[in-house]
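Novice: Structure provided below as structure tokens; questions to follow.
The values are calculated or read from the model by the stated rules, or taken from the named source; none is laboratory data. All values derive from a computational prediction rather than experimental measurement. Virtual Cβ from ideal backbone geometry, glycine too; neighbours counted across all protein chains shown.
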Amino acid sequence: MAIIEISNLKKSYGKMDVLKNISFDVNKNDVVAVIGPSGSGKSTMLRSLVHLEKIDGGSICVSGNYLVRDGVYTKPQEIKQINAKMGMVFQHFNLFPHLTVKENLELAPKMAKKESLTEIQQRSSDLLKKIGLADRASAYPAKLSGGQKQRVAIARALMMNPDILLFDEPTSALDPELTGEVLQVMKELAQEHMTMIVVTHEMGFAKEVANRVIFMDNGEIVESGSPAELFTSPQNERTKAFLNRSLK
Ligand code: ADP
Ligand code: MG
């Protein structure tokens, strides 16, 4: 079953076409890695899925509900409901600095008012255990390492029980020795069959954890396939050149 169906996404900034007819589907339990050079439109594509960017044309359908259909957005109330199905993890964590770890996790579900306080607190405590930070529940983000912050950001995204998690270069702002702990949490989520789209420079992660890899360049999907296909026998010259540079 397709959780996200994307067809013919188009977006321009002035005269520059940043997304040119991007189309792909994400099925339940897929881990899709999106790779490609800086400026190829990866973030714009991901951000448009959660309505942080407005697209100029095309369609995005999430769990059967159109966020935007042939360039026309649905009603604001419905946009909110569709957004709630997706959790997003950013390169720079985007934690609320004035809230503790636990408060960061609980803020959105408390505002959504769909569950009792007890349920929310139970889940935040479970998720903090899961990411190995139960003992930091009362800490403020400034007291955490980058790797810890990103693990909290992942837990926060999971608090809303999303159908799919989106990651935009989750380890790019981290010192190399801290990327492993974040990739490990993501790998565990994949093993638990969380559906994910991961924009990443971590080719090792893409190879090992993703079941599909999409290579973007210059606002287009140039090539996509299984990690074995894409990494072992890329078909397109641009894919080959990019991989040659990245796998060195
Ligand atoms: P990537 O994530 O692959 O590095 P982006 O999606 O961030 O690429 O950017 C794609 C292109 O769009 C780049 O050329 C970038 O400079 C441009 N761009 C992104 N955001 C804006 C903006 N708000 N205004 C103008 N140009 C932008
Ligand atoms: Mg980017």
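Novice: Going by what's in this entry, would ALA173 be described as among the hydrophobic types (A, V, I, L, M, F, W, C) and assigned to a helix (DSSP H, G or I)?
Specialist: On the way: among the hydrophobic types (A, V, I, L, M, F, W, C): yes; assigned to a helix (DSSP H, G or I): no.
Criteria not met by ALA173.
Novice: Quick test for you: out of HIS92, HIS98, pick the one residue that is modelled with pLDDT under 95 and in a loop (DSSP other than H, G, I, E, B). Steps first, please.
Specialist: Working: HIS98 fails: modelled with pLDDT under 95.
After ruling out the rest, the residue left standing is HIS92.
Novice: Now for a different question. Read through the list (1) within 16 Å of ligand 2 (Cβ to nearest atom); (2) surrounded by 15 or more Cβ atoms within 10 Å (Cβ to Cβ); (3) within 27 Å of ALA190 (Cβ to Cβ), then give the number of the only condition that SER38 fails.
Specialist: So SER38 meets the others, but not (2).
Novice: Restricting attention to the range 101-136, which residues are farther than 18 Å from MET160 by Cα and either part of a loop (DSSP other than H, G, I, E, B) or touching a strand residue (DSSP E or B) at 6+ places or on another chain (Cβ under 7 Å) (or both)? So that I can check it myself, show each step before the final result.
Specialist: Within the range 101-136, the first condition is being farther than 18 Å from MET160 by Cα, and the residues that meet it are 132-136.
Result: GLY132, LEU133.
Novice: Please find, within the range 24-63, the residue that is nearest to ligand 1 (Cβ to nearest atom) out of those that are free of Cβ contacts under 8 Å to residues at least 60 places away in the same chain and more than 19 Å from ASN218 (Cα to Cα).
Specialist: Per the criteria, the residue is LEU52.
Novice: Could you say which residue among PHE242, PHE231 is in contact with a Pro (Cβ under 8 Å, 6 or more places away or on another chain), surrounded by fewer than 22 Cβ atoms within 10 Å (Cβ to Cβ) and in a helix (DSSP H, G or I)?
Specialist: Just one listed residue meets the conditions, PHE242.
Novice: Another one. Please find, among LYS11, LYS20, the residue that is among the charged types (D, E, K, R), part of a strand (DSSP E or B) and either in contact with a Lys or Arg (Cβ under 6 Å, 6 or more places away or on another chain) or within 16 Å of ligand 2 (Cβ to nearest atom) (or both). Step through it out loud before you land on a result.
Specialist: On the way: LYS20 fails: either in contact with a Lys or Arg (Cβ under 6 Å, 6 or more places away or on another chain) or within 16 Å of ligand 2 (Cβ to nearest atom) (or both).
Testing whether each residue is among the charged types (D, E, K, R), part of a strand (DSSP E or B) and either in contact with a Lys or Arg (Cβ under 6 Å, 6 or more places away or on another chain) or within 16 Å of ligand 2 (Cβ to nearest atom) (or both) leaves just LYS11.
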